[in-house]
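Report on one structure; see the data block that follows.
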Amino acid sequence: MRMTAVPLLLACLLASTAACAKDASDYNTQELVEALTQRLSKVLLAGPTRDSPDNTAAIIVLEGKALALAPQLQSTPGMRVLSKEQLVAEQRSNFLIISQLGQQGPDMLVDYETPNNASYGTLRIQEKDGKLVFKAQDTYRSSSGARTTYARLYGGLPCRNGSEMAYRFNYANRFVRSGECPTPRFPTSDSPFEW
């Protein structure tokens, strides 16, 4: 139990239960991100095709304003926190980008992107009955947005056979579920004819 939780617990025992309600903003960054990865685990742990290996841990990348959260996050058995450079070096295609995590009243808002299923937007995190609940604030699906993200990260770089990106790129390019690169380099544009 955290030391800061002891006075709160004691105060809760002496006060009414309404005074002890916990808000989403009371959770630390690690707890919030771990809950988010559990919420998105079906997407984050899937392989890029049916024939590629599944992930054993969710991959998390911080960008933009969320970069400041890096010292507050640690990798766990179910979640790996990677820098953008590590992500690209491993040629990952299934990952969660968090670009902002901030408080709005008792709730938390997270700006996110999961390009492997072409989803992005903002989720509201609320605490209900002792559990964190995620509600769509503004969420979208966009295959062109996913192509833009992959082109931004991998555009012009050599494709490595057997990598997640090789499976994804080969399937998107030729509908083949092989981990063999269809071209030596990833396209530099986000054109649907190339990705």
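The values are calculated or read from the model by the stated rules, or taken from the named source; none is laboratory data. Model, not experiment: these values are computed from the prediction. Methodologically, a virtual Cβ is constructed for each residue, glycine included, from the backbone with ideal geometry; neighbour enumeration extends over all protein chains shown.
Do we find that I97 is farther than 25 Å from S191 by Cβ, in contact (Cβ under 8 Å) with a residue 12 or more places away in the chain and within 17 Å of the chain's Cα centre (by Cα) in this structure? Spelling it out, it is not the case that I97 is farther than 25 Å from S191 by Cβ, in contact (Cβ under 8 Å) with a residue 12 or more places away in the chain and within 17 Å of the chain's Cα centre (by Cα).
Take G78 and tell me if it is on the phi > 0 side of the Ramachandran plot and without any contact (Cβ under 8 Å) to a residue 60 or more places away in the chain. So G78 fails the test. Among the residues making up region 119-154, those that are more than 17 Å from the chain's Cα centre (by Cα) and farther than 30 Å from R185 by Cβ are Q126, E127, K128, D129, G130, K131.
Name the residue that is modelled with the lowest pLDDT, counting only residues in region 148-188 that are hydroxyl-bearing (S, T, Y) and part of a loop (DSSP other than H, G, I, E, B). Reasoning before the result, please.
From region 148-188, those hydroxyl-bearing (S, T, Y) are 148-150, 154, 163, 167, 171, 178, 183, 188; that's our starting set.
Next cut, part of a loop (DSSP other than H, G, I, E, B) only: 163, 178, 183, 188.
Working: S163: 94, S178: 81, T183: 89, T188: 87.
Here the residue is S178.
Mind listing just one residue for me: the one in region 114-147 that is assigned to a strand (DSSP E or B) and touching a residue at least 60 places away in the same chain (Cβ under 8 Å) and, of those, nearest to E85 (Cα to Cα)? I'd like the intermediate steps shown before the answer.
From region 114-147, those assigned to a strand (DSSP E or B) are 114, 119-128, 131-141; that's our starting set.
Among the residues that remain, those that are also touching a residue at least 60 places away in the same chain (Cβ under 8 Å) are: 114, 119, 123, 125-127, 132, 134.
Working: T114: 17, S119: 22, L123: 26, I125: 29, Q126: 32, E127: 34, L132: 31, F134: 29 Å.
Here the answer is T114.
Scan region 136-143 and give yes if some residue there is surrounded by 18 or more Cβ atoms within 10 Å (Cβ to Cβ) and either aliphatic (A, V, I, L, M) or farther than 30 Å from D23 by Cβ (or both), otherwise no. Scanning region 136-143, I find no residue that is surrounded by 18 or more Cβ atoms within 10 Å (Cβ to Cβ) and either aliphatic (A, V, I, L, M) or farther than 30 Å from D23 by Cβ (or both), so the answer is no.
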